[in-house]
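Worksheet: one structure, shown below.
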Amino acid sequence: MSVLGDLELTTGLAPRSADEARRQVAAACRIVARYGHEDLTLGHVSVRGPGEHEVYIKAKGKALGEVTPDDVMLVRLDDPEGHLAPGAHLETVMHTETYRARPDVSAAIHTHAVYATALGATVSSLEYLSHDAVLFNDGVGLYNASVGMVMTRDDGRAVADALGGHRAVLLQNHGMLAVGEDIRWAVLSALTLERAVRVQVLASSLGEFTPIPAASVDEIHLTKYQSAFLDEYWSAWVRKLPSASEGRR
Ligand SMILES: [Zn+2]
């Protein structure tokens with residue numbers, strides 16, 4: 001058994017125990033790290049815990065690609081200062097305010113992924129150039145109230161406002177926040193946004209855009225992004241984690 005435990009069994013269900021929540025967060029940290037989201041020891045993943053008002057989130061210290069369940073901490077939503085718990089990342093409040101604003105969200109990922117950060121440093125927006133982009137068929141938010149770090153409850157609320165009902169928000173000159181109804185959807189949002197922007201960057205160097213017609217965006221979204229497919233994606237991501245496969249040898 002790997003350090004992450006048997007993540008095949010956790011699928012996308014809400015974590016049934018603190019241990020499962022910690023393993024989901026650790027696995028998601030390692031997955032996004034493999035796909036271009038790592039930056040020093042920065043960026044964080046969180047999930048709502050099994051208990052009311054509980055959020056499990058990566059603590060400060062490790063790089064995303066080396067997070068274990070022991071590097072995940074509990075933050076409480078019924079404590080207005082919960083995001084200031086010892087060991088918490090400075091921008092933990094981005095998660096706690098998002099959970100307060102979005103009851104439908106049960107997992108969140110903040111990273112400084114390079115392509116998404118680049119798009120957030122321009123006046124351009126996400127174009128529907130690929131099937132990746134149509135995951136965000138209602139667009140993505142833009143947080144531009146500040147270009148600094150998101151450390152106060154007011155900042156966190158402003159990020160949640162900019163996120164609105166979307167799956168992701170670009171933080172101007174900073175990075176992204178991607179969310180989901182569970183850990184699988186949050187990882188899919190983070191990875192797919194970065195891929196979509198990467199395609200847009202490449203396309204912009206090749207010629208004029210020929211975007212997917214608006215009428216096809218929702219149709220492709222419904223066909224491609226079905227909840228029934230998510231377990232398959234999660235299993236593939238987990239199988240490809242070096243530590244997980246080592247544990248099964
Ligand atoms: Zn940040």
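The values are calculated or read from the model by the stated rules, or taken from the named source; none is laboratory data. A quick note: this is a predicted structure, and the numbers were derived from the prediction, not measured. Every residue, glycine as well, gets a Cβ built from its backbone with ideal geometry; the counts of neighbours run over all protein chains shown.
Can you tell me which of (1) among the polar types (S, T, N, Q); (2) buried (at least 20 other Cβ atoms within 10 Å of the Cβ); (3) closer than 30 Å to PHE209 by Cα is the one SER46 doesn't meet?
(3)
From (1) away from the ligand (no atom under 16 Å from the Cβ); (2) in contact (Cβ under 8 Å) with a residue 60 or more places away in the chain; (3) surrounded by 23 or more Cβ atoms within 10 Å (Cβ to Cβ), pick out the condition that doesn't hold for ARG34.
ARG34 satisfies every listed condition except (3).
For the stretch 15-45, give me the residue count where each residue is polar (S, T, N, Q) and touching a Ser or Thr at 6+ places or on another chain (Cβ under 8 Å).
1
When you go through (1) among the aromatic types (Phe, Trp, Tyr); (2) touching a residue at least 40 places away in the same chain (Cβ under 8 Å); (3) surrounded by 14 or more Cβ atoms within 10 Å (Cβ to Cβ) one by one for PHE209, which number turns out not to apply?
(3)
For GLU181, are the conditions met, namely being closer than 22 Å to GLU54 by Cβ and acidic (Asp, Glu)?
Details: closer than 22 Å to GLU54 by Cβ: yes; acidic (Asp, Glu): yes.
Criteria met by GLU181.
Please determine, by comparing only the residues of the stretch 159-185 that are more than 16 Å from the ligand (Cβ to nearest atom) and part of a helix (DSSP H, G or I), which one is nearest to ASN144 (Cα to Cα).
To start, the set of residues in the stretch 159-185 that are more than 16 Å from the ligand (Cβ to nearest atom) comprises 161, 164-167, 180-185.
Now restrict to residues that are part of a helix (DSSP H, G or I): 161, 183-185.
On the way: ASP161: 11, ILE183: 26, ARG184: 27, TRP185: 25 Å.
Per the criteria, the residue is ASP161.
Evaluate the stretch 123-133: report whether one residue or more is closer than 27 Å to LYS62 by Cα and hydrophobic (A, V, I, L, M, F, W, C). Talk me through it step by step, then tell me what you get.
Applying the first criterion (closer than 27 Å to LYS62 by Cα) to the stretch 123-133 yields none.
No, that holds for no residue.
Just to check your reading of the model, which residue among VAL75, VAL105, VAL123 is within 17 Å of the chain's Cα centre (by Cα) and either small (Gly, Ala, Ser) or at pLDDT 95 or above (or both)?
Unique residue meeting the criteria: VAL105.
For the stretch 98-135, which residues satisfy the criterion of being away from the ligand (no atom under 14 Å from the Cβ), farther than 21 Å from PHE209 by Cβ and buried (at least 19 other Cβ atoms within 10 Å of the Cβ)?
Within the stretch 98-135, TYR99, VAL105, SER106, ALA107 meet the criteria.
Is at least one residue of the stretch 74-84 buried (at least 18 other Cβ atoms within 10 Å of the Cβ) and either within 13 Å of the ligand (Cβ to nearest atom) or under 16 Å from GLU181 (Cα atoms) (or both)?
No; the residues of the stretch 74-84 include none that is buried (at least 18 other Cβ atoms within 10 Å of the Cβ) and either within 13 Å of the ligand (Cβ to nearest atom) or under 16 Å from GLU181 (Cα atoms) (or both).
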